[in-house]
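Heads up: the structure comes next, in structure tokens.
We did not get these values from a lab; they are worked out from the coordinates using the rules stated. Since this is a predicted model, take the numbers as computed values, not measurements. A quick note on method: Cβ atoms are made from the backbone with ideal geometry, for glycine too, and the neighbour counts reach across all protein chains shown.
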Amino acid sequence: MAVQTQLYAVPAIEKKESKNKNEVEKESIFETKSLNLWYGETQALKNIDLKIPEKSITAIIGPSGCGKSTFIKTLNRMVELIPSVQTKGDIHYKGSNILSKDYSAEALRTDVGMVFQKPNPFPKSIYDNVAYGPRIHGIKKKSILDDIVEKSLKDAFIWDEVKDRLKENAFGLSGGQQQRLCIARCLAIEPEVILMDEPTSALDPISTTKVEELIQSLKKQYSIVIVTHNMQQAARISDQTAFFLNGEVVEFGKTDELFTEPKDSRTMDYINGRFG
Amino acid sequence: MAVQTQLYAVPAIEKKESKNKNEVEKESIFETKSLNLWYGETQALKNIDLKIPEKSITAIIGPSGCGKSTFIKTLNRMVELIPSVQTKGDIHYKGSNILSKDYSAEALRTDVGMVFQKPNPFPKSIYDNVAYGPRIHGIKKKSILDDIVEKSLKDAFIWDEVKDRLKENAFGLSGGQQQRLCIARCLAIEPEVILMDEPTSALDPISTTKVEELIQSLKKQYSIVIVTHNMQQAARISDQTAFFLNGEVVEFGKTDELFTEPKDSRTMDYINGRFG
Amino acid sequence: MTTKNVSVNTANLSTKQLMNEKKSAASIKNVFEKMVPAVLFLFAAVSVLTTIAILYTLITEAIHFFQRVSFTEFFTSTNLKPLSQNPSFGLLPLLSGTLLSTIIAMVVAGPIGLMAAIYLSEYASDRVRKLLKPMLELLAGIPTIVYGFFAFTFVTPLLRSIWPEIELTNILSPGLVMGIMIIPMVASLSEDAMNSVPNTMREGAYGLGATKLETAIKVVIPAAISGIVASFVLAISRAIGETMIVTIASGSTKNFSFDVTESMQTMTAYIVEVSSGDAAAGTTVYYSIYAVALTLFTMTFLMNLLAKKIARRFREEY
Amino acid sequence: MQYIDRLQVRKRINFRLRLNSILKYVFLGATLSGLVVLAILLIRTVSQGFAWIDWNFITGHLSMDPEKAGIMGAILGTFWLMLVVVFFTLFLGMGAAIYLELYAKKGRIHSLIQTNIANLAGVPSIVYGILGLTVFVRLMDFGSTVLAGGLTLSLLVLPIVIVSSQEALRAVPQTLGEASYGLGASKWQTIKSIILPTALPSILTGSILALSRAIGETAPLVVLGIPALLIPFPGGFMDRFTALPMQIYYWTLDAALVEEYANLAAASIIILLLMLFILNSIAIYIRNKFQHRF
Amino acid sequence: ACGSDSEEESDAEEVDTSGSSDEESATNEDIEGSVVVDGSGTVYPLMALLAENYMTNEQQGVSVEVGRAGTSAGFEKFLIEDGTDFNDASRQIKPEEQEKADELNIEVKELKVALDGLTIVTHPENDWATELTEQQVIDIFLADGGIETWSDVNADWPEEKIQTYGPNENHGTYEFFYEEIMGEQDLRDDVNLQQEYSQLVNLISEDKNGIGFFGFGYYDNNKDQVQAVSIDFGDGPVEPSLDTIDENGDYAGFTRPVFTYLNMNHAKEKPQVLDYAIYVMNTVNDVAGEAGFAPIPDEEAEQLKSELEELK
Ligand SMILES: Nc1ncnc2c1ncn2[C@@H]1O[C@H](COP(=O)(O)OP(=O)(O)OP(=O)(O)O)[C@@H](O)[C@H]1O
Ligand SMILES: Nc1ncnc2c1ncn2[C@@H]1O[C@H](COP(=O)(O)OP(=O)(O)OP(=O)(O)O)[C@@H](O)[C@H]1O
Ligand SMILES: [Mg+2]
Ligand SMILES: [Mg+2]
Ligand SMILES: O=P([O-])([O-])[O-]
């Protein structure tokens, strides 16, 4: 048992040291209050109370079907696209309740970007993929778009690889490049928060490393919420972790603490690979 | 580590005792000689040399994609139904090479029955499901068919549950009943060998127990080859086990020995849950 | 929080712009967003309007007809003499023509289409199927007027050289050609149905030593039967509504008969004849085409509903 | 107790295998029989009509004299009809499909419209002819013009276009839409700039195939009352017209009056089939060239 | 053209006349517009020929279209507001139709354009019934004429069942046969009535015991498939031909005039309609033969033409 725990704990501990240096109590950007969600009859989220701090990386872990994807899709109201969904409770984003009717989902999603499990570039050129967001928000001028595209691609660590082929179709990129392009596309609308749903699960180890580095670098400017089924990844890159089980938050806390000294026995069982 | 090994080893040991009593060296019914198989370009079986003893239960275990299904489907040449398949090497069944062109696949399959992962009854009545095999082999007489159906259903431990509804559609049965019906259907053509590809993986625990008991009882009359991803099941019911990895047989031997004292470190890693 | 400290100047500007434009355009955009589905709904409603229009035209005009000719006469009389001095308006001659041509077509298309479906789904390799299926579907793409010409100028003379008693216009020749035309319909839809039978079921049969033939006939077809039946029903509905082949090749004899060598008229051909002929609006003959068309519409409508019901039941099974 | 006699089984297997292989060829024969008829049809038509196709026939005006008769008027008529059909079906079909796939709530009304569309696809074309005659020719008083004919044919193929467009929209991966919403795009923006462009090649393919159905339709036009002799070329939507299938029909009928008309009919069939062939090639080209694989 | 001798002659004539009419209409300005003709399928070949000639030789700017909806359906399109300009008819306008025209204030002018000889045809191998009296024809088609076999007509003829054919009630030709020849007595039940003349020709050409009737033009174009019966109207058998078909000639008994009806309101408003009407009356006698019709007397044509010219 001890051996196994260490398997996950090692990187987390390594990381802890570097993280502890500049640790400060951060303000929370999202705050959910008794958030409940149903798909038709089945309840997928149960009384979620979470405070997600800004400018840091929050990981969501848990076994398949526990509601991880559902939860982060609730944060930008993407979950509304499924007709049978019903929510109860509040989500406060920078103080205002985004679940209220008055709050425009489009405005919210402009502030809260999202990156998906499978890279999903549009069947357009690389340039148009990144420019898509700014364009729908009314930016038409070529020179400004050029600047935005370049900056976003640079921020997403992919500029060098694509700068000579901006007009080519994004489908020609490798999986890892596509995923970074999707991140660039998200950066182009300059969100405050970036939600990521298993962003590396479809990628090979090398691409994964690149994307992980990118995520680390983004946390200076953005608040990041990342869903992952890879506990080592959560341990490696996140500042705090929430463990979901059957639609509930079992445990939420600093990543290094949660992985080394879980308070709940179910958390322990999970990170030790007993289920999931 | 010790804890985990015990998890699987316990039932195996229990079983060993009962098995050792009447153990005899048995003749082999199938013998593969440097069997190789390709799906188009990718090789799925590599130099398999196995002797499968008659009137006993042989389990095939291994991680997903290692070639378990491919292997047992080769034993009744079912694999030929996939157009891209190419084989090399020999499989001797009761002395004759079944991979030779002259050997009729239909005749082979009459001797070597098969039960699949998901129960696959025909959309016919229970009676017609069981009578299907005898009928295609030319048995028309109602009284004989009645006898065959009754005997097969009895042998498959399902007669009592279905005897009053033989004319009803087989789709009305529960999953476990369907699987036993499929076994009965297979018994009706009186095969020598029964191949089973994860026959309980789609079933609930109670149904699984029933099917396992059935399999145990069948071994008196039939030679059984069973693929399973459930190591406990392999330990519980089989006499010998073959461990496959990447299309190769890593280890083959008496079940109790293989689970308690594996000779190959990869076998040990696998039964200890290090991968797969 | 309002400014992104690290952003380059241009991007900073763009963010502002972005926000501003969103605000100013928001209300117009909202109205537009709400209008789009309303407009698109109207587009979708065109199909409903079409049905209503069809029903409305057919029924209002058919009412005129039934004010002059009784239901009983229309549906039971074997006499159809719309223009004679003592006109009679029995539907049965047209019904017998329609029925015969449909039966002949199905006698051709049913077995051949089903056999083709079996071949394509059970025997053919992927490559052969990918080649043969589109080629077969070409048959369905040939305009019916071409088939009519073919039936009249080739098939009929051919039949007459074998079987001289056949009249120059007869119901057999267009029936056969119609059958050829709907082969791909039966084949394609039946093949789809057979393809959606799970492979595990085939494996079950092969595992018992069944040949491909036994598997196809005794397992796959029974399993796909509702899909196959649905394809037949659709094909029948198509044959009932087919017009040009019979108009050209089956003649215009209003004959209540079941002799395939004779010239006879179908409901569709009757509509063509009367509407391109001398019927003056307001006459009983003129209204009769609406009564016939309404019958035709009802028949095909019921067939299509039936096909859909059967097909839906089929889909639920898997 | 053994019920099954292995020896018997062996013996039977040979018979069963032979039956299997014989029937395999019977089934293959059935599959090919349709193609054989198709070949005969094409060969006959071509041998009968090919000699009559020359520059004058293709570009010339209609004439009672088979030697002088040209088909350009009918080709142009068909062309104008197609313009109307493309315009209406593409917009209506695409719009209806977008509504049904992306906006409509999946309830009673939705399934009613859906069933209705499926049924319309099965309504005999002659009934559309009657509808067109009553509504477009008489009620709206368009007369037997290109517009009336085109609208009639549009209604006829609209269900096909809607259904195929729906399938095309359904094939667009949901993740693309999600990505767009995730960037703050509104529903219509997402549809307009992501979903529709992605589905467009399939939509076009389906529409072209529907168009080729419309091209060959004769029965509705017969009901509309298209003039048998119309020498000038139609030049617009409100012009009266004749179309290729109509000309084939008239010439087939009048073969009793002038034998050579049968050959003209065959020659026109070649041209009609050629047009269909080109249309289908375009459809296949678009499908292969522009369709994305996800 | 179809290659028979008579047509080649008229072809030559046609070229000739078109030259002369060119001169005549040289006084006319070039006119434009369209003329819409619909109506009888029987008259269609003649009117189509005239229309084509007019557009190629006379007025390129005028488009004449000819439909073939049938006489009655044609009147239906003719007797409405903004209806067709001409309606071809294989019979005279009926009182009801005239009433409707009056209601709509449409002034209708009847133009007799040609003569058609109703022709009785048989199978080419029929070597017995080559001549029939008018009464025999009536008896053969009569509902209770008591005739079943050829021997019922003439004891020397084969004892084989007669099969009768004709165009169906859709056609003016049928009406003429029924009203003028049969004297409105019912036809027998088993007459094989067809919509399309091509079918009729083919049916009779295949049936040794067949006998049928249709317009002369359809016989003229299919002389190799069917043969015409000479009819005895009392003065010995007469063969139908362009010479014998005449209202006062030998074949007068089976001769009927065919017409086109002109909407006079249109003729007054639209120069092209009037011009075309004049052209029709001017040249119809020259091309009638080509279309299988006998010409009307020249005086009648002249008379109608001058009546039209007065409108100018
Ligand atoms: N569209 C839907 N309709 C109905 N139920 C849904 C839907 N999407 C998800 N669910 C259900 O909601 C629960 C939570 O699903 P969710 O996708 O959030 O899980 P997850 O933690 O993301 O799992 P995974 O690791 O497999 O992605 C599951 O039980 C799932 O079956
Ligand atoms: N029809 C096929 N075409 C091509 N490759 C195949 C096919 N079926 C199996 N394979 C490949 O052959 C290898 C062995 O597959 P097989 O199904 O035998 O594995 P398995 O051990 O049964 O796995 P599982 O436990 O998942 O059932 C795999 O790599 C698989 O991808
Ligand atoms: Mg998920
Ligand atoms: Mg397997
Ligand atoms: O001239 P009809 O077509 O009416 O005989």
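Based on DSSP H segments of at least four residues, each scored -39500 (n - 2.57), chain A has a per-residue ellipticity at 222 nm of -12000 deg cm²/dmol. Other residues whose C-beta falls under 13 angstrom from the C-beta of B:H229 contribute a net charge of -1, scoring Lys and Arg +1 and Asp and Glu -1. Residues whose amide H lies under 5 Å from that of E:T149, counting only those 5 or more places away or on a different chain, are E:I162; hydrogens are built 1.01 Å from N in the peptide plane.
Model label sites at A:D164 and B:Q216, defined 7 Å from Cα along the beta-carbon direction, differ in position by 6.9 nm. Our helix-only sum for chain D, with -39,500 (n - 2.57) per DSSP H run of n ≥ 4 divided by its residues, gives a mean residue ellipticity at 222 nm of -23000 deg cm²/dmol. Note on the stretch B:37-73 and the stretch B:219-276: Cα centroid distance 12 Å, given to the nearest whole angstrom. Note on A:K140: aspartates and glutamates with a C-alpha under 13 Å away, same-chain residues under 8 apart excluded, are A:D128, C:E21.
Diffusion coefficient of chain B by Stokes-Einstein, Kirkwood radius over Cα pairs, 25 °C, 0.890 mPa s: 127 µm²/s. In terms of its alpha-carbon gyration tensor, the stretch B:60-206 comes out oblate; a/c meets the 1.5 threshold, while b/c is at least as large as a/b. In the stretch C:204-317, a dipole from Cβ-located charges (positive for Lys and Arg, negative for Asp and Glu) runs towards its positive end, and of C:F297, C:F258, C:M244 it is C:F297 whose Cα lies farthest in that direction.
What does the charge count near D:I195 come to, summing +1 for each Lys or Arg and -1 for each Asp or Glu among other residues with Cβ under 12 Å from its Cβ? Walk me through the intermediate numbers first.
Details: positive: D:R170, D:K187, D:K192; negative: D:E101, D:E178.
Result for the local shell: +1.
Note that chain D carries a Kirkwood radius of 22.4 Å, evaluated over its alpha carbons pair by pair.
Beta bridges from DSSP with both residues in the stretch A:28-271: antiparallel share about 60 percent, rounded to the nearest 5. Between the listed residues E:A288, E:Q59, E:F86, the Cα displaced farthest toward the positive end of the dipole of chain E, a dipole computed from Cβ unit charges relative to the Cα centre, is found at E:F86.
What FRET efficiency would be calculated for the residue pair C:L306, E:E300, taking the C-beta separation as r and a Förster radius of 51 Å, to the nearest 0.05? Efficiency, from the Cβ-Cβ distance: 0.20. Put a dot 7 Å past the Cα of E:E180, heading toward its Cβ, do the same for E:E159, and the two dots end up 3.9 nm apart. Summarising the strand pairing of the protein assembly as shown, around 60 percent of its internal DSSP beta bridges are antiparallel. The label point for C:A45 and the one for C:F66, both projected 7 Å from the Cα toward the Cβ, are 2.9 nm apart. Here is the result for the stretch C:209-318: no trypsin sites (Lys or Arg not before Pro) lie in DSSP coil with at most 10 other C-beta atoms within 10 angstrom of their C-beta.
Can you give the Rg/Rh ratio of the stretch E:168-312, where Rg is from the C-alpha atoms and Rh is the Kirkwood radius? Present the calculation step by step, with values, prior to reporting the outcome.
On the way: Rg = 18.0 Å, Rh = 17.5 Å.
Computed over Cα atoms, the ratio is 1.03.
If only the Cβ of Lys and Arg carry +1 and only the Cβ of Asp and Glu carry -1, the dipole of the stretch B:28-271 around its Cα centre is close to 660 debye. Note on the stretch D:6-52: Cα-only Rg and Dmax are 20.3, 69 Å. Placing a label point 7 Å from the Cα of D:D54 along the Cα-to-Cβ direction, none of the residues of the stretch D:226-262 has a backbone N under 15 Å of that point. Candidate cross-link partners of C:K81 among the aspartates and glutamates, defined by an alpha-carbon separation under 16 Å and a same-chain spacing of 8 or more, comprise C:E73, C:E273, C:D278, E:E169, E:E175, E:D186, E:D189, E:D190.
Over all distinct Cα-Cα pairs of the stretch C:181-295, the Kirkwood formula returns a hydrodynamic radius of 17.4 Å. In chain D, with Lys and Arg counted as +1 and Asp and Glu as -1 at Cβ, which of these residues, D:S180, D:A283, D:V86, has the Cα nearest the positive end of the dipole, that is, farthest along it? Of the candidates, D:S180 comes out farthest on the positive side.
Could you tell me how many cubic angstrom of Cα convex hull volume the protein assembly as shown has per residue?
Numbers: hull volume 335.9 nm³, N = 1476.
With only Cα atoms used, the protein assembly as shown gives 228 Å³ per residue.
In the structure shown, the pairs A:K73/C:K308; A:K151/A:K210; B:K118/B:K219; B:K68/B:K142; B:K88/C:K218; A:K101/A:K151 are assessed against 29 Å; a Cα-Cα span above that value is assigned to A:K73/C:K308; B:K68/B:K142; B:K88/C:K218; A:K101/A:K151.
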